[in-house]
Every structure is written in C-alpha cells, then in structure tokens.
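One structure below.
The values are calculated or read from the model by the stated rules, or taken from the named source; none is laboratory data. Note that this is a predicted model, so its numbers are computed, not measured. Cβ coordinates were reconstructed from backbone atoms using ideal geometry, including for glycine residues, and neighbour counts include every protein chain displayed. Only protein heavy atoms, including side chains, enter the accessible area calculation; ligands, DNA and RNA are left aside. Shrake-Rupley method; radii C 1.70, N 1.55, O 1.52, S 1.80 Å.
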Number of protein chains: 2
Amino acid sequence: MEISPRVQSFVFHFGEMGSRWGFNRTVGQMYALLVVTERPLSATELAETLNISRGNVSMGMKELQSWRLVQVSHIPGDRKEYYRVTGSIWDMANTIFEERKKREVDPTLSLLRDNLLEEPKDKEEAFAFEKMQEIHDLLEMLTQWSGELQRLSPEKLSTLMKLGAGVSKMLSMKDQLFTKNSQPTSDS
Amino acid sequence: MEISPRVQSFVFHFGEMGSRWGFNRTVGQMYALLVVTERPLSATELAETLNISRGNVSMGMKELQSWRLVQVSHIPGDRKEYYRVTGSIWDMANTIFEERKKREVDPTLSLLRDNLLEEPKDKEEAFAFEKMQEIHDLLEMLTQWSGELQRLSPEKLSTLMKLGAGVSKMLSMKDQLFTKNSQPTSDS
DNA sequence: TTAAACTTTCAGAAATTTCTGAAACATGTA
DNA sequence: TACATGTTTCAGAAATTTCTGAAAGTTTAA
C-alpha cells in the first residue's frame, strides 16, 4: 500500500511521539496508519507499508490489542487477519489515558500507600513522609478526577472546556447555586 | 548521606517511574531525593547517596533546571552549589504537565496544522485528513483546557475535583445560571 | 601567577530497548 | 496424510539511551 507524503509525515511523526506516549516507534507508526486508513489492514500490508518485519507487526498488534486500541476483523473468504482501530479519536484518547494511569500512576499510588502506613522514625523521615503524602494525595485526586471525566460524555466535556475561564466564575457561584436548590454534591 | 529504607524505596521507585514521565532513571532518583529532603543537597551528596557518578549528577541537574524543577542555592562561606526543588508539589505537577505538553503535544499540533493547510487529493487522503483534523481538535482542546486549569488556584481546583459527579449536574444548570446573572462566559 | 575547590563536558563503555528473520506453531483443505 | 496459508515466538543483531570518569573549564583567594 502506498500512502501520500503528508499522511506519511503524520505516520512517522506519530511514531516518534508515540514513544513518549508509552509505545515504541514502530508501534506508534502502525497505530497511526490504522487510524488514518478507512479499511482494515492485514499484517503484511502494515509491514510492507512501514518497511518493518512481519514479526514486529505481530508483536505490535499484540501490544495495541492489550491497550484495547486495535481490533481484529475478518473478511469473508479470506483467511488473513485484518486490523482496525477501535472506536473514535475520543475513545482513543480516553483509552490511552486510562492505560497510562494503570501503568504509571497506580503502582506509585500503592507504593506510597504502603510506605505511609507506618510512623516516621525521625525528623528527616517525617519531612519525607509529608512530601510523600502530598504526592499521594495529588495522584489520588488526579485518579478520581480522571474517572469523573471519563464518565462525562464528549459533548458535556466539550461544554466544560469551552467554558474555559468561566469555570472559575462558576465555582464561586457554586455554593450559592447548590444551596438555592438544596442539591448536595455527591462526595465520595 | 544515608536515607531510611522506606524513603529509599520511594526514591528508587520514582526513578523507575520517572522514565515514563520524561526523564531517565537517575534523574528521577535525583529529583525524588531532593523532594523528600528538607535541606538543599550538593552534587557530591547526591552522587554518593545514589551511587552515581559526579558527572551524571551535573547533567541531571542541568536537565532538571531546564524543566524548572530544581534551583541552585548557596550556603554562605561555602563554594559548593546546593540544589533544591522549586515550589510545592502542586507546582511540580503543573510544571511537569506544562513541560511535557511543550515537548510532546505542541510539535504534533504544529505538524498537523501544517499538513492540514492543503486540500486532500483523493478519497483516501480525505479520510486521513478527517482523522488528522479530529486529533488536531482534540489536542487543541486539551491545550486550551490545561491552560485554564493552570490558571486556577489549587484551592479552586480542589473544589472542582471534589465536586466530582456534580460537575455534570452543574453543567446542565450552567445556561440557566449565566442567563439569570447575564454574565457571558469569556470564550476565546 | 599559582593553587585549591569546585563544575562541566564528552568519548566511549555499559545497559537497555527495539527489531529482524528463521523456525515453530496453527488451521483449513484436498 | 501432505500442503498451503497464514500467525507467533524468540535468540541474538542493531539501534538507542544512559552513565562513567578523566580531562578541561571556572572561580576565588592568596
């Protein structure tokens, strides 16, 4: 399969950047190519288009499937496996966030929780524990919040984003608002 | 300088994780150690405590300074340079977000902008462009939003987070609210 | 100017990650 | 069974990243 220069530049760029987002260059390229191609692609097509080995594609697809970013599909009368991305761009972003959290934040959170169970032994440790507690709280906040955002529909999220600086204004009116309607927030 | 086992486990863990957050293992360790230590540390102390070379510390400090996560400070009558973290844990998270955005999102955004200037040549390219446009819009949204959040004070942000599921409820009342008070949102 | 005390640089060693390609494996068909 | 058409695995090659440590650089003081 040949691809146009501008699409190619995107695919390659995504490869370079992809490594920052948790997968390596070729996996990034494979994913980008699948995103911008309407029809599902076979492993061989991926390998030939990107000039990478067949084996590498196999491993890459396995990884992308483990991230739930790619699905296998079949074409009637064809024994090959064809790959395509799952869901929308929005789903992609959501999934990447979620998976990264699982791999990067959660382990830190549980380590901090464990470490903070006991009491600090001296002044130095007390200071360290304070900082670790702060990081723990921050990460927990982020975790909780990202959960909320993921439950929000894209439309609502878009509204929230467009609101922009208005968020601040809105917050200052929040108490007033919720008191008026006597609707408590659903705190955990 | 010797550090307690639990603090050490945090420092090492942060090293492993740090590589995910944009810096390598030893830089992550150096930063973690500075975070949990109250007094500023010299390069030699860092090197000895972490068992890494003096040269590596020098490079690491340069990098952390370029991230604006670490500052140099001096002790009167001492020619050594001492390092300490800048700002609070909250500032740290903010800075890391901002720097990562600069390095990871912005280049993609400008590549997409450039690529999308011209018209697609055929049906395949049209589909690809559509997807690229969606990614572009998503990234731009994130960019705009993260800007907003950064301008928000930690207290307000905390309120917003605690609000949790309430955000959704609040949004549905937003129009009503702003109409009542005839206060338009400051859209860009 | 020399020396002492410190920092930075960078070539190349070491460690780690990624990728290839051949062999093993799987599955359907004749 | 033998074969055709696929996929997966994995040892080790290749590429990349990180780290060391010795040499060069900087600054202050006498």
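Summary table below
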| read-out | value |
| --- | --- |
| Of all residues in segment A:54-81 being hydrophobic (A, V, I, L, M, F, W, C), touching a residue at least 12 places away in the same chain (Cβ under 8 Å) and within 8 Å of DNA strand D (Cβ to nearest atom), the one that is nearest to A:T95 (Cα to Cα) | A:M61 |
| Residues that are at pLDDT 95 or above, under 18 Å from B:Q65 (Cβ atoms) and in contact with a Leu (Cβ under 8 Å, 6 or more places away or on another chain), drawn from segment B:12-39 | B:T26, B:V27, B:Q29, B:M30, B:Y31, B:L33, B:L34 |
| Any chance B:K62 is more than 12 Å from chain A (Cβ to nearest Cβ) and open to solvent by 50 Å² or more (accessible area, probe 1.4 Å) | yes |
| Subset tally (residues that are closer than 15 Å to A:T37 by Cβ and touching a helix residue (DSSP H, G or I) at 6+ places or on another chain (Cβ under 7 Å)) for segment B:109-126 | 2 |
| In segment B:141-159, residue modelled with the highest pLDDT [restricted to those that are more than 7 Å from chain A (Cβ to nearest Cβ) and open to solvent by 70 Å² or more (accessible area, probe 1.4 Å)] | B:R151 |
| When residues of segment A:74-108 are limited to those that are open to solvent by 70 Å² or more (accessible area, probe 1.4 Å) and in a helix (DSSP H, G or I), the one farthest from the other protein chains (Cβ to nearest Cβ) | A:K102 |
| Search result, residues across segment A:19-73 that are β-branched (V, I, T) and within 15 Å of DNA strand C (Cβ to nearest atom) | A:T26, A:V27, A:T44, A:T49, A:I52, A:V57, A:V72 |
| Residues of segment B:10-34 satisfying the condition of being at the interface with another protein chain (Cβ under 8 Å from one of its Cβ atoms) and open to solvent by less than 40 Å² (accessible area, probe 1.4 Å) | B:F10, B:H13, B:F14, B:M17, B:G22 |
| Those residues of segment B:35-53 which are over 17 Å from the mean Cα position of the chain (by Cα), more than 9 Å from DNA strand D (Cβ to nearest atom) and buried (at least 17 other Cβ atoms within 10 Å of the Cβ), in sequence order | B:V36, B:T37, B:P40, B:L41, B:A43, B:E45, B:L46, B:T49 |
| Every pair of residues 6+ apart whose Cβ atoms lie under 7 Å, when the first sits in segment A:109-136 and is over 14 Å from B:F14 (Cβ atoms) and facing another protein chain (nearest Cβ under 7 Å) while the second is open to solvent by 40 Å² or more (accessible area, probe 1.4 Å) and not aromatic (F, W, Y) | A:F127/B:E38 |
| Test set (1) within 30 Å of A:M17 (Cβ to Cβ); (2) in contact with a Phe, Trp or Tyr (Cβ under 6 Å, 6 or more places away or on another chain); (3) free of Cβ contacts under 8 Å to residues at least 40 places away in the same chain - B:E38 fails condition number | (1) |
| Filter result for the condition that a residue is hydroxyl-bearing (S, T, Y), away from DNA strand D (no atom under 16 Å from the Cβ) and over 20 Å from B:G28 (Cα atoms), over B:T108, B:T86, B:T95 | B:T108 |
